[in-house]
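Contents: one structure, followed by commentary.
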Amino acid sequence: MDRVIPIRTEPRAAAAIWFVGIGLVIYALLFAGSEWLVHRNGRMNPIYKIDATRGDVDWVILGASHAMPLDFDGFNDEMERRTGRKILNLAGPGTGPLYNRFVLEYFLSRHRTRNLLYVADGFAFRSPMWNEERFSDAGLLARTPFHPDLAALLARYVVREGVDPRALADYVTGFSKLNNRNRFRRDLWEGEASFDRTFRPSPSAEKKRADYLYPPVDDEQAGRARYFAAMAELIGIAARNGAKVTIVKMPIPLRFKSLLPGEAAFDGSLVALAKGQGVSLIDWTEAMPDPGFYADTDHLNRKGVTDLFEMHLKSVLSGDRSPLPF
Amino acid sequence: MLFNSLPFFLFLAATLVVFVLLPRCVRWFALLVASIVFYASFGVANLAFLFAVALVAWGAGLLTASDRQGVRKAALAIGLGLVLGGLAVLKFYDFVADEIEPHLGIVLPRLGMTAPVGFSFYAFMAAAYLIDTYRGTCAPERDAGKLALYISWFPKILAGPIERAEPFLKQVPARLRFDPVLASTGLQLIVWGLFKKVVIADNLAPVVDGAFRIAPYASPMELLIAVYFFAFQIYCDFSGYSDIAIGLSLLFGIRLMENFRRPYLAVTTAEFWSARWHISLGHWFRDYLYIPLGGSRTGLLRRYGNVMAVFVVSGLWHAGLGYGVGWTFLAWGALNGFYQWAGLATRGLSRRLGERLPGIAASGWLRVLRILLTFHLILVSWIFFRAETIPQALTVVRRIWAALPGLPALAPRYPFTADHAIGAALILLLLAVEILDERRPIHERLAAAPVALRWSAWYACIFGLVLLGQWQAQTFIYMQF
């Protein structure tokens, strides 16, 4: 029977050390190159945006992907021009309050904001998939610039919040950046490409999307409690840094809303949180039921954000009509 | 705990440390525990199957050494019946029940379960052990633990090689040591195996999966690319696993048999199956099915029957490895059986032609032509392996066949993507390595090369893994049953 033939050269410790040493140097060079690409192609990543911001801002927007269309295709600039306020949108796809809090803490370590607009979604307050597990997301890590103080903050989240240590290892070694197949592409979220599209309602697509957002969880009550506590802490951090918090629920099509499980209970908890924390809460969920305002099952298109801004958001951001706190 | 995952690397490091620290006489036991832990990581319940197979092999193996012929035969029959019968039932019972129920008009009970991961492999290892002990070519192992280590050895339990007991057991415990030379070879095999799996196979997979998912609507060019890519995906996936398994074993001083030898450079389909592709399985079928059936020593018709029987059974064995259990595997096995028939039928003719035209027969161009012909025959058979149903396979074949005359004109206009370019480049790289290896083993070339070249080759592999590897824990195709 054929056997593997061992190599003829005897490995030497010195050679092995040299091999590893040169390998580490190559790795460091690749790390530096990947980091350069992150900065060159950066756009949507919240940490990149924080790095790119100069000075303090009037508004920080946080939340999951429903808040992202407000920064698509220059719409954030348009809002700034129309309101005269400096706005920084730090929302990220599929990011719940735990990840949002992480982003806010990093932001506040470098800048200040007078206001915080938090876009709340029911799905983001129940599953680790949208919170602890987002820290390990290779796509997100691949676009997150490296900073030692951010690594230290992430380490604290590993210790205190149960974030997977592999997320920290990945971030520190830059593995996801080196391993990023889209390293040469600009950091654009796929939703931005369909910003001008109008969604043709599809029950199967809506059902699939709702199922994706609401994966089965072991203990929904415990999840809700945990992420509402994370949200309360986020509000507390904002308040301690002098930022006034406004929570909003973004519009979604009516039929899609009917597919979201436990939405009434979530709304109740959100109202209780807002009251307890003394922050404003505005529910725009049913403000724009027409499917023509949406690019897909649940994200506003250009027409949607334009109308939302004109009818509701402009007055909030410009401070003409501050919502009343509970 | 897949080979291409972080938990496995941590497990391996811990196992190596314990292995090195322990005295040699008890190292085998540590490896047995590690193998059990590794297998349990795919489901603790799987251990019941593993222990059952090991127990049956151990008990029946001891009885096959009995002085009484009746006891020996009964032990072999019962042992093989339990192991291979169990494999057949777990693989096919529910599928067969689904198929025949409508014809019988009754509701048959279902098992509602399949065999655990790797069962196809360790059941065949146990069967080989029983037959070898019955034949007297392998002494029965009295130590149940050592036999369990042979069956459960973690590098090979999921997808082989289907190592024989005798060469494995004679290495335990005598050769269990950390040898830097062997370990260095092992690490090189692990890196190359990972490269084949994580870089080549897993970068080809999305193109293949995408085209087969929409086979009736995909363009013929898309299907053609997918079929070519699949040939290399399955090769790199499976041989990558084997290389890693052999490399891991070398870290502990254990040598496993070679399982792949540049299969797509075979000049006949017979050579492909007997000496180049999944060699350990080919040898298994040769030794435990083909020869007992009479092999090539019987009459012509019987010989043809034996060949077809081997390939049909091989098709059945492959059912469930990656793409479900269905008729496609039978078709795949039968098609390869037909290839062997064609080879047998034309062997005399090609020998006579070779005698009359020795210059042409020995020419390199004819060899290349034969390699290409063999590769494309195998390529067609892979369509049946990859497709989920016979109609899907036939759709792929029909659509490609119908479009073949127009493909040269269509190709320049086809919207090739970066995935296609990366896939093609990786395939060319693999072929270059294999062709070089065929002429002179790569490890010899590397050992003789200047250190800068040798190290550059390994850095290219390692950083290829980092930069291009698909590390999202893609499972190995052959370990899915």
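Throughout, read-outs are computed from the coordinates displayed, never taken from laboratory work. In this text, all values refer to a predicted model and were calculated from it rather than measured experimentally. When we count neighbours, we look across all protein chains shown, and the Cβ atoms used for this are built from the backbone with ideal geometry, even at glycine.
Kirkwood analysis of segment A:241-283, using all unique Cα-Cα pairs, places the hydrodynamic radius at 11.7 Å. Would you mind checking A:Lys207/A:Lys314; A:Lys86/A:Lys303; A:Lys208/A:Lys303; B:Lys156/B:Lys196; A:Lys249/A:Lys303 for any pair whose Cα atoms are more than 27 angstrom apart? In this structure, A:Lys207/A:Lys314 exceed 27 Å between Cα atoms. Residue by residue, segment B:250-256 carries 3J(HN,Hα) couplings of 5, 4, 9, x, 9, 9, 9 Hz when phi is fed to the Karplus relation 6.51 cos²θ - 1.76 cosθ + 1.60 (θ = phi - 60°); x denotes Gly or Pro. Mean-square fluctuations from a GNM of chain A, with a 10 angstrom spring cutoff on Cα atoms, peak among A:Ala238, A:Ala265, A:Ala138 at A:Ala265.
Given in Å, the Rg to one decimal and the Dmax to the nearest whole number for the Cα atoms of chain B are 23.2, 74. Can you give me the Kirkwood hydrodynamic radius for chain A, using every pair of distinct Cα atoms, in Å to one decimal? When all Cα pairs of chain A are included, the Kirkwood radius is 21.2 Å. For the protein assembly as shown, the share of DSSP beta bridges that are antiparallel, to the nearest 5, is 10%. Over all orientations, segment A:245-311 has a Cα convex hull whose mean projected area works out to 4.7 square nanometres. Shape of segment B:37-110 from the C-alpha gyration tensor: oblate (a/c of 1.5 or more and a/b not above b/c, with a ≥ b ≥ c the square roots of its eigenvalues).
Entry for segment A:47-163 at q = 0.13, 0.19 Å⁻¹: log10 I(q)/I(0) = -0.49, -1.06, Debye formula applied to identical alpha-carbon scatterers, no solvent contribution. Normalised by the number of residues in chain B, the mean separation of alpha-carbon contacts (under 8 Å, six or more apart) gives a relative contact order of 18 percent.
Taking 20 °C and 1.002 mPa s as conditions, segment B:180-232 diffuses translationally at an estimated 170 µm²/s according to Stokes-Einstein applied to its Kirkwood radius (Cα pairs).
Near A:Tyr294, the amide H atoms lying under 5 Å from its own belong to A:Phe199, A:Asn301; only residues 5 or more places off or on other chains count, and H is placed 1.01 Å from N. Shown here: segment B:394-463, whose C-alpha atoms stretch 51, 25, 21 Å along the first, second and third principal axes, sorted largest to smallest.
The residue among B:Gly337, B:Cys138, B:Gly354 whose Cα reaches farthest toward the positive pole of the charge dipole of chain B, with charges on the beta-carbon of Lys, Arg, Asp and Glu, is B:Gly354. Three principal axis extents describe the C-alpha atoms of segment B:1-141; from largest down they are 62, 47, 18 Å. In units of the rule-of-thumb radius 2.2 N^0.38 Å, segment B:78-202 shows an alpha carbon radius of gyration of 1.40.
When only alpha carbons are used to place a centre, segment B:221-271 and segment A:225-299 end up 53 Å from one another.
Over the C-alpha trace of segment B:241-332, radius of gyration and Dmax come out as 15.3, 48 angstrom.
Starting from the eigenvalues of the Cα gyration tensor, five times each then square-rooted, give me the equivalent ellipsoid semi-axes of segment B:264-400, largest first, whole Å.
26, 21, 13
Max-minus-min Cα coordinates of segment A:103-170 on each principal axis give 34, 30, 24 Å, with the largest extent listed first.
In order along segment A:164-181, the Karplus-derived 3J(HN,Hα) couplings, from 6.51 cos²θ - 1.76 cosθ + 1.60 at θ = phi - 60°, round to 4, x, 5, 5, 5, 4, 4, 5, 5, 7, x, 4, 5, 6, 5, 8, 7, 5 Hz, and Gly and Pro are given as x. The angle between the Cα long axis of helix A:220-240 and the main principal axis of chain A comes to about 80°, on a 0 to 90 degree scale.
Each residue of segment A:123-136 was assigned a 3J(HN,Hα) from its phi angle through the Karplus expression (A = 6.51, B = -1.76, C = 1.60, θ = phi - 60°), giving 5, 6, 10, 9, 10, x, 4, 9, 10, 4, 6, 5, 5, 8 Hz with x at Gly and Pro.
Between the amide H of A:Thr246 and those of A:Leu116, A:Leu117, A:Tyr118, distances stay under 5 Å, these residues lying 5 or more places away or on another chain, with hydrogens modeled in the peptide plane. Taking every Cα-Cα distance in segment A:212-259 and sorting them into 10 Å bins starting at zero, the pair-distance distribution P(r) comes out as 20, 33, 36, 11 percent.
Against the 2.2 N^0.38 Å scaling, with N counting residues, where does the protein assembly as shown land? I'd like the Cα-based Rg ratio to two decimal places. Mind dumping the intermediate values first?
Working: Rg = 31.1 Å, N = 807, 2.2 N^0.38 = 28.0 Å.
So the protein assembly as shown has a normalised radius of gyration of 1.11.
Relative contact order, whole percent, for segment B:128-190 stands at 33, derived from Cα pairs under 8 Å and 6 or more residues apart.
The mean sequence distance of close C-alpha pairs (under 8 Å, at least 6 residues apart), as a share of the length of segment B:27-176, puts its relative contact order at 36 percent.
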